[in-house]
Amino acid sequence: QVRLVESGGGLVQAGGSLRLSCAASGTIFSLNAMGWYRQAAGKQRELVASIISGGNTNYADSVKGRFTISRDNAKNTVYLQMNSLKPEDTAIYYCHGIRGPSDYWGQGTQVTVSS
């Protein structure tokens, strides 16, 4: 079983930065892929960024060039560095992990960007 706990959300002005962290119980090395999703009020949950065990990354078009996903296997932690934040980035951000046929979700952390 894998447990994911996010942290680092908060309130920031447009143009500012935040770094989200996702700490995994157990080793994340065994996870095939990890990612960050977000869900804004009244909208569907969407993929923001993902990273596979080989290190390849993928980003939503809306965050390319502004967000960076990374993982530290030694610390069992995945990060999402968010720069040049916009009000439309306001959402609950969820950490997600996949291992074989199973997937795991964190509880979410709120990010609010004021204009």
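The values are calculated or read from the model by the stated rules, or taken from the named source; none is laboratory data. Quick caveat, the model's predicted, so the values are computed rather than measured. Cβ placement follows ideal geometry from the backbone for every residue including glycine, while neighbour counts extend to all protein chains displayed. Surface areas here come from the heavy atoms of the whole protein model, side chains and all, with no ligands, DNA or RNA. Shrake-Rupley method; radii C 1.70, N 1.55, O 1.52, S 1.80 Å.
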Number of the condition not met by Met34 [criteria: (1) at pLDDT below 95; (2) surrounded by fewer than 21 Cβ atoms within 10 Å (Cβ to Cβ)]: (2)
Can you tell which of Ala91, Ala74 is at pLDDT below 95 and over 12 Å from Met34 (Cα atoms)? Ala74
If Leu31 satisfies all but one of (1) of a type in the set (A, V, I, L, M, F, W, C); (2) out of contact with any helix residue (DSSP H, G or I) (no Cβ under 8 Å at 6 or more places or on another chain); (3) in contact (Cβ under 8 Å) with a residue 40 or more places away in the chain; (4) closer than 12 Å to Asp89 by Cβ, what's the number of the condition it fails? (4)
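Here is a yes/no grid of residues against (1) surrounded by 13 or more Cβ atoms within 10 Å (Cβ to Cβ); (2) among the hydroxyl-bearing types (Ser, Thr, Tyr); (3) not in a strand (DSSP E or B):
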| position | (1), (2), (3) |
| --- | --- |
| Gln1 | no, no, yes |
| Val5 | yes, no, no |
| Leu11 | no, no, no |
| Gly15 | no, no, yes |
| Cys22 | yes, no, no |
| Ala41 | no, no, yes |
| Ser50 | yes, yes, no |
| Gly54 | no, no, yes |
Mind checking which pairs have a first residue in segment 1-25 that is farther than 21 Å from His96 by Cβ and a second that is assigned to a strand (DSSP E or B) and at pLDDT 95 or above, Cβ under 7 Å, 6 or more apart or different chains? Leu11/Thr112; Leu11/Ser114; Val12/Leu18; Val12/Val113; Gln13/Ser114; Ala14/Val113; Ala14/Ser114; Ser17/Met82
Note on segment 60-97: residues assigned to a strand (DSSP E or B), farther than 26 Å from Gln13 by Cα and open to solvent by 60 Å² or more (accessible area, probe 1.4 Å) are none
